[in-house]
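Q: After the structure tokens below, expect a handful of questions from me.
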Amino acid sequence: MPEMEKIFETIDGSRDEIIKLQAELTSRVALGPENGGNGEHKKSEYLKEKLETLKPDSIEEIKSPDERAQGGYRPNLVARWEGNTKGPTVWVLSHMDVVPPGDSELWERDPYKLEVDGDRVVGRGVLDDQAGIVSSYLALVAVLQTGQKLERSVGLVFVADEETGSKFGLEYLLENHRTIFHPDDLIIVPDAGNASGTMIEVAEKSMLWLKFTVTGKQCHASTPSRGKNSLYGAAKLILALENLKGAFDRFDKLFSPPSSTFEPTKMEANVPNINTIPGRDVFYLDCRILPQYKVEEIIEFAKERAEEVAQELGLSILVEPVYRQDAINPTSEDAPVVKALIEAIKRVTGIEAKPMGIGGGTVAAFFRKAGLPAAVWMTMPDSAHQPNEYCLISNIMSDAKVLACLYLNA
Ligand SMILES: [Zn+2]
């Protein structure tokens, strides 16, 4: 029986180390080329050094070719420690890249300089996904420091490119190094969760982003009859698309929210001045669709509504899917990784976690597509991608304890 209390104590005493790690990671800006950066290299180098001090049985930097990035590649780190027993490996996969700070006016301070405020640390990336990096690393440090032998083999994976599609990150690993992972392994992705740590994400909705281009005829605002106002078309169509909610109204309690969602989001700028009637409007619809529906049905429905509005107003409307990810087989609610997590969470926090489905977009979808049951879990406030992104030191400690239980099969 491993001495969990000693490990928990070590983790509770690691506040300074958490702050130091977070500060170092935050200062190493890891933005992908699509986000105006040149890759995750600085963060990856730093992490590789940290991992090497823990003497892994194997450590590899897997470079996915990306000519836009520094050195022509994106770095991915895979480290593994052999356990006592030959059973499944516990893998924890976090991502190194961050999203840009966005409007700097909204930040109270430099996004890349860590700020500590009681239990909070603030900075771009501290939560998404440095909280995952730090908790998985810290759990291992605590186990090894207390002289415990790992019961299970443990693997830490720090990937690139999660925020812009994973093509140079997990997708690349699974396409070129699929044998790293085994279907019996316990794969945890600490990259989404809720504030109580009770949400274990096992299923995702299909994701669909639709682009609508409404074309009319631009003219002077004082003579509307000489043109065709595309903004009327966009407005009417946005309202007509609200009918998607009624037409695809199934409920599934596994998911939060329990129904499909269809939301108009981005609207591109049309004319720069007020006295011109626009001849072209472009807007987008973000759809998160329960797996019970086919994505094709949604596209058809949207095209029909667009055609109706186009006919009525004498406009032309083009409907194009610009991103689509069809829901894939969820991880079973009884999968060993789900059970092991529920048990460990209960042991550490005393509360009952449960498997759930969300609106989609986690990197776990790539694992599931490859036939590897993965669970997404972490304890987190709702601050990812926001200005003044923060995470709680107490959440990192608690998650590290849960992961330590999994490493030790305790
Ligand atoms: Zn993330």
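The values are calculated or read from the model by the stated rules, or taken from the named source; none is laboratory data. None of these values were measured; they are calculated from a predicted model. When we count neighbours, we look across all protein chains shown, and the Cβ atoms used for this are built from the backbone with ideal geometry, even at glycine. Note: accessible area is taken over every heavy atom of the protein model, side chains too, but ligands, DNA and RNA are not part of it. Shrake-Rupley method; radii C 1.70, N 1.55, O 1.52, S 1.80 Å.
Q: Per residue, how large is the accessible surface of the chain? Use a 1.4 angstrom probe and give square angstrom. Don't jump to the answer; show the numbers that get you there.
A: Details: 18110 Å² over 410 residues.
That works out to 44 Å² for each residue.
Q: With +1 assigned to the C-beta of every Lys and Arg and -1 to the C-beta of every Asp and Glu, and no other charges, what is the dipole magnitude of the range 206-325 about the Cα centre in debye, to the nearest 20?
A: Dipole about the Cα centre, nearest 20: 260 debye.
Q: Cut-off 10 angstrom, C-alpha nodes, Gaussian network model of the chain. Which of Pro278, Pro381, Pro75 fluctuates the most?
A: Pro278
Q: In 5 Å bins starting at 0, how do the alpha-carbon pair distances of the range 206-325 split up by percent?
A: With a bin width of 5 Å, the distribution comes to 2, 12, 22, 20, 16, 11, 8, 5, 3, 1, 0.
Q: Sticking with this structure for a sec: Taking Rh as the Kirkwood radius computed over C-alpha pairs, what is the Stokes-Einstein D of the range 216-270 at 37 °C in a medium of viscosity 0.692 mPa s, expressed in µm² per second? Each step should come with its number before you reach the end.
A: Values: Rh = 14.0 Å.
Answer, rounded: 235 µm²/s.
Q: Can you give the Kirkwood hydrodynamic radius for the range 324-363, in Å, rounded to one decimal and based on Cα pairs? Write out the running numbers ahead of the final one.
A: On the way: mean 1/r = 0.0851 Å⁻¹.
When all Cα pairs of the range 324-363 are included, the Kirkwood radius is 11.8 Å.
Q: In bins 10 Å wide, starting from 0, what share of all Cα pairs of the chain does each bin hold, as a percent?
A: 5, 20, 28, 23, 13, 7, 3, 1, 0
Q: Given points 7 Å out from each Cα along the Cα-Cβ axis, report the Glu17 to Glu297 separation in nanometres with one decimal.
A: The two pseudo-label positions are separated by 5.2 nm.
Q: Note down the Stokes-Einstein diffusion coefficient of the range 299-401 in µm²/s, whole number, using a Kirkwood radius over alpha carbon pairs, 4 °C, and 1.567 mPa s.
A: Working: Rh = 17.6 Å.
The diffusion coefficient I find is 74 µm²/s.
Q: Applying the Karplus parametrisation 6.51 cos²θ - 1.76 cosθ + 1.60 with θ = phi - 60° to the phi angles of the range 117-126, what ³J(HN,Hα) value in whole Hz is obtained for each residue in order, glycine and proline being reported as x?
A: Computed from phi, the couplings for the range 117-126 are 9, x, 7, 9, 10, 10, x, 5, x, 4 Hz.
Q: Starting from the Cα-Cα distance between Lys48 and Ala221, subtract it from 0.36 nm times their residue separation and give me the gain in nm to one decimal. Walk me through the intermediate numbers first.
A: Details: separation 173, 0.36 × 173 = 62.28 nm, distance 6.11 nm.
Extra length available between Lys48 and Ala221 comes to 56.2 nm.
Q: Quick query: amide H of Ala192 versus all other amide H atoms, modeled in the peptide plane; which residues come in under 5 Å with a sequence gap of 5 or more or a different chain?
A: Trp377, Met378
Q: Shifting gears a bit: Please find the FRET efficiency linking Ile351 to Asp184, where r is the Cβ-Cβ separation and R0 is fixed at 22 Å, and quote it to the nearest 0.05. Intermediate results must be reported in sequence, preceding the final value.
A: Details: r = 27 Å, r/R0 = 1.25.
With R0 = 22 Å, the Cβ-Cβ based efficiency is 0.20.
Q: Tell me the net charge near Ile7. Cut-off is 13 Å between Cβ atoms, Ile7 excluded, with +1 for each Lys or Arg and -1 for each Asp or Glu.
A: Numbers: positive: Lys6, Lys149, Arg347, Lys401; negative: Glu3, Glu5, Glu9, Asp12, Glu151.
Charge balance in the 13 Å sphere: -1.
Q: Per residue of the range 332-344, in order, report the coupling 6.51 cos²θ - 1.76 cosθ + 1.60 (Karplus, θ = phi - 60°) as ³J(HN,Hα) in whole Hz, putting x for Gly and Pro.
A: Those phi angles translate into 4, 5, 9, 4, x, 5, 5, 4, 5, 5, 4, 5, 5 Hz.
Q: What does a probe at Ser316 reach in the range 207-240, counting residues whose amide N is under 14 Å from the point 7 Å along Cα→Cβ?
A: Zone members listed by number: 213-218.
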